[in-house]
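Chemist: Handing you a structure now.
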Amino acid sequence: YDLRDRVSERERFYITSHYFEALGDLEKEVETLELFTRSYPRDWVAHHNLALMVMRLGDFERALTSAHEALRLAPEHPFANHKVMWAYRCLGRSEEAKVIGLQALERGMDTIHLRENLALLAASEGDMTALRQHLDSQVGTVQEPRMLAFEAGFEVQAGKMASARVLIGRAEEVALREGLIEASARFPAYLAVAEAEIGEPDRARTTADRALSLARSMDALPPAALAMARAGEGAIARELVEEMTRRFPHHTLIRFVWIPAIEAALHLEEERPDEALATLEKARNYERWLQVTIYLRGLAYLANGQPEEAATEFERLLGPVMGARSVEIERPLAHLGLARAHALAGDAAEARKAYQTFFELWQGADEDIPILLEARSEYENLQ
């Protein structure tokens, strides 16, 4: 970046945009890429990278436009195909996404990015054969640990935490063997969030500690801090927030999503839902990408005795599978949150339906999960 004045204008745009990406400054990166696409409208890389960055801002409509232009300019590049597919999926246009993905595979563009999206579509359709095929596609490749962690996410969503822990352990092991240190830390950090949300704070602390012992990266620190906050480790969570603020002062998603989420979690632990709701307003413009703040807002509304508002937030989580972490604990727990919101509003019939949906999703879940036991007790009392 310091030597950018010695290169061509096109190379300077490329270097500058990636410099801002390294900082996590999405706004400045998008601004640079917009100039890049206007200056070099036939450069597919510029359109592709702009699509990726506006995806991270949660603007899937705009991402689709840029991705289509990248695909028009580079129809045989897997990245261009992937961005169109990804944007379609996040917009709920599943059939169009599936067509793009399968056609790309048929033309030899077999990448983990396409496979992950196809796996999500297969899961939504209940096509377990296709899902298994996509999950197994990266065995023996450098992407195997990422796909193992992705598979663990499906197990987490089904309440199969024991199986998820085995998969995360394998993902860590393979990643470390391949020298992918920061990736190995990210996997248990997200698992720790799930453990905290299902009512296993001791496990969440242990898992978050393990993640931080591997790498205190910009990918591992935020979820580990959130897990600590949700597990009742407020002092540790605040220390991690201070570290992130110091080390990543320009990172858009850390500043405007992760830190508000962590602070809101701390407010919830301290039984201050009003302050949690006020803090979460900072995340409004970015939560189509990272949706954890939507779930926390739903919890805050419940704690504040506002069932209708809580139901609205939980229902938002049950729309098209969007964003960065497409396989996450908040999605199934949104059904439980919705049940609790209806119960709080006095609508027993709708509450029963939502509880039943949650139980159906978790019919194969580990039997000793605290939040599942709580839900069953609530349901019996509702009956």
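The values are calculated or read from the model by the stated rules, or taken from the named source; none is laboratory data. Please read all numbers here as calculations on a predicted model, not as lab measurements. FYI the Cβ positions are ideal-geometry reconstructions off the backbone, even for glycines, and counts take in every protein chain you see. Ligands, DNA and RNA are stripped out before the accessible areas are found, and what is left, the full protein with its side chains, is counted by its heavy atoms. Shrake-Rupley method; radii C 1.70, N 1.55, O 1.52, S 1.80 Å.
Chemist: Against the definition (of a type in the set (Gly, Ala, Ser), at pLDDT 95 or above and open to solvent by less than 40 Å² (accessible area, probe 1.4 Å)), how does Ala341 come out, yes or no?
Modeler: yes
Chemist: Would you check which residues across region 55-88 are within 18 Å of Leu26 (Cβ to Cβ), open to solvent by 50 Å² or more (accessible area, probe 1.4 Å) and of a type in the set (Lys, Arg) and list them?
Modeler: Residues satisfying the conditions are Arg56, Arg62.
Chemist: Here's something else I'd like to know. Considering each residue of region 190-201, count those that are of a type outside the set (Asp, Glu) and in contact with a Lys or Arg (Cβ under 9 Å, 6 or more places away or on another chain), and give that number.
Modeler: Final tally of qualifying residues: 6.
Chemist: I've got another one for you. Report, ordered by the first and then the second residue, all pairs with beta carbons closer than 6 Å, sequence separation of six or more or different chains, a first member in region 210-234 that is of a type outside the set (Lys, Arg), and a second member that is outside any helix (DSSP H, G or I).
Modeler: Between residues of region 210-234 that are of a type outside the set (Lys, Arg) and residues that are outside any helix (DSSP H, G or I), the close pairs are Ala211/Ala220; Met218/Phe248.
Chemist: Now, a different point. Sort through Leu302, Leu373, Leu318 and tell me the only one that's aliphatic (A, V, I, L, M), open to solvent by 30 Å² or more (accessible area, probe 1.4 Å) and either in contact with a Gly (Cβ under 6 Å, 6 or more places away or on another chain) or part of a loop (DSSP other than H, G, I, E, B) (or both).
Modeler: Numbers: Leu302 fails: either in contact with a Gly (Cβ under 6 Å, 6 or more places away or on another chain) or part of a loop (DSSP other than H, G, I, E, B) (or both); Leu373 fails: either in contact with a Gly (Cβ under 6 Å, 6 or more places away or on another chain) or part of a loop (DSSP other than H, G, I, E, B) (or both).
Result of the check over Leu302, Leu373, Leu318: Leu318.
Chemist: Please state which one of Ala80, Ala87 is in contact with a Leu (Cβ under 8 Å, 6 or more places away or on another chain) and farther than 22 Å from Glu287 by Cβ.
Modeler: From the options Ala80, Ala87, the qualifying one is Ala80.
Chemist: Out of Ala278, Ala261, report the one residue that is open to solvent by 30 Å² or more (accessible area, probe 1.4 Å) and either touching a Cys at 6+ places or on another chain (Cβ under 6 Å) or under 13 Å from Ala300 (Cα atoms) (or both).
Modeler: Only one candidate passes the filter, namely Ala278.
Chemist: Something else: How do the pairs read when you match residues in region 9-28 that are of a type in the set (Asp, Glu) with residues anywhere that are open to solvent by 50 Å² or more (accessible area, probe 1.4 Å), using Cβ under 6 Å and keeping only pairs 6 or more apart or on different chains?
Modeler: Filtered contacts from region 9-28: Asp25/His250.
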